[in-house]
Amino acid sequence: MLGIDIGGIGTKVSLLDSDGTLLGHDRAPTPRGGAAMAETAAQLGLDLARTHRRTVVAAGAGVAGVVDDGVIVAASSSFSGWIGFPVRAAFEERLQVPVVVDNDVNAFLVGEVRLGAARGARDALGIALGTGVGGALWLDGELYHGPRGAAGEIGHMPGFGEEPCTCGQKGHLETLASGRGIAHRYAALGGAPLAQGAQEVATRARAGDDLAVRVFHEAGAGVARAALVVAAVLDVVDVVVGGGVAEAADLLTPGIEQLIAAEPPVSGRPMEVSFAALGPAAASVGAATMADSLRQIRV
Ligand SMILES: [Zn+2]
């Protein structure tokens, strides 16, 4: 199976054997415009299959934005020509196989539940800390999308201060725990402006910069608080944190651990926060496993 992950910066593809073994992975920069994005991803996938002498029989795609019936219905303004794009039809035309399409954070969580850090979990919350903050819910053994596809979007959970959020509101988790939020807070609290964003804040934190340490600590505590709210509502205590900012797991963990120790879920079951085990391949691997269901239907 072929798995595709189209993010704001990079497009990634993974090829999985029928038993879930990862045969290969590749990536390329994401171009601008729906047709170009689909073309680049499809070509990358076909090239990967050719390299491994495999025939693609079904594909899954995890893509940025809210997906409804194979069409992008909402996306960040940073994507041009993406809202309204019939992404499933575009992939099916280019790959000539059935394709399942879902949101990229949903695909990330499916990957981690089936083959990664939350393997075998019946219920799990996925949190992706990237440029923004995305979330996904796995309930009773399957993805829960909600009636409008926005279930689990904890990046826009309110109650985290007064900073303006990218969505136009303020004080959302994203302002505290996204890559953009971390870099912005570091500068707003008096740190030097940084060209490399959150990655540079992490480098400074590891070098002993107290302000950088504090910004990551508060980001971790924010993530834990949001997860505890979800646990209070849904009794979900298995949490997987991924995305580029999660590479600073060492800096996020103290804030996470301090908060979940101070405010454990009322169920008495401790919250288990783990970091993505599949790394940058998680969403494309998850998307490939979603394609497995298509293959079975076809056979
Ligand atoms: Zn927001």
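Taken together, the values in this text are just the output of simple stated rules run on the coordinates, not laboratory data. What you see is a predicted model; the values in this text were computed from it and never measured. Virtual Cβ from ideal backbone geometry, glycine too; neighbours counted across all protein chains shown.
Give, rounded to the nearest 20 debye, the magnitude of the charge dipole that region 1-103 has about its Cα centre when Lys and Arg contribute +1 at Cβ and Asp and Glu contribute -1 at Cβ.
Numbers: 8 positive and 11 negative charges, 62 e Å.
Charge dipole, region 1-103, about its Cα centre: 300 debye, nearest 20.
FRET efficiency for Ser76 and Asp17, Cβ-Cβ distance as r, R0 = 30 Å, nearest 0.05?
Working: r = 34 Å, r/R0 = 1.13.
E(calc), rounded to 0.05, equals 0.35.
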- Could you check how many percent of all C-alpha pairs in region 156-200 are farther apart than 13 Å? 48
- Task: Mind putting a number on the dipole of region 122-276 about its Cα centre? Charges go on the C-beta only, +1 for Lys and Arg and -1 for Asp and Glu, and I need it in Debye to the nearest 20.
- Result: 300
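Fully extended, how many nm does the chain gain between Ala187 and Ser267 (0.36 nm per residue separation, minus their Cα-Cα distance)? It would help to have the intermediate numbers written out before the result.
Working: separation 80, 0.36 × 80 = 28.80 nm, distance 3.89 nm.
Difference between extended and current length: 24.9 nm.
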- Would you give the gap between the C-alpha center of region 194-246 and the C-alpha center of region 4-55, rounded to a whole Å? 29
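Give me the dipole magnitude in Debye, nearest 20, for the chain about the Cα centre, with unit charges on the beta carbon: positive for Lys and Arg, negative for Asp and Glu. Kindly include the intermediate steps, with their values, before the conclusion.
Numbers: 22 positive and 32 negative charges, 111 e Å.
My answer is approximately 540 debye.
In square nanometres, what is one fourth of the surface area of the convex hull spanned by the alpha carbons of region 122-276?
The directionally averaged projection comes out at 8.9 nm².
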- Note on the structure: Simple SL model, points at 7 angstrom along Cα→Cβ for Thr203 and Asp26; separation in nm is 3.1
- Query: For the charge dipole of the chain, defined by +1 on Lys and Arg C-beta atoms and -1 on Asp and Glu C-beta atoms about the Cα centroid, which residue among Thr51, Ala202, Gly220 has the Cα displaced farthest towards the positive pole?
  - Reply: Thr51
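So how do 199-210, 23-34 stack up, highest first, on mean other-Cβ count within 10 Å?
199-210, 23-34
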- Task: Take every DSSP beta bridge with both residues inside region 122-276 and express the antiparallel ones as a percent of the total, to the nearest 5.
- Result: 55
- Point-to-point label distance, Ile83-Thr55, nm (Cα→Cβ direction, 7 Å offset): 4.2
- Message: With angles folded into 0 to 90 degrees, how steeply does helix 179-188 sit against the dominant principal axis of the chain? Use alpha carbons for both and round to 10.
- Response: 30
- Item | Radius of gyration, Dmax [the chain; alpha carbons; angstrom] | 18.8, 60
- Note on the structure: Taking Cα atoms, the helix 104-115 axis meets the longest principal axis of the chain at an angle in degrees (rounded to 10) of 80
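Out of the DSSP beta bridges found with both residues in the chain, what percent are antiparallel (nearest 5)?
Values: 25 of 43 bridges.
The answer is about 60 percent antiparallel.
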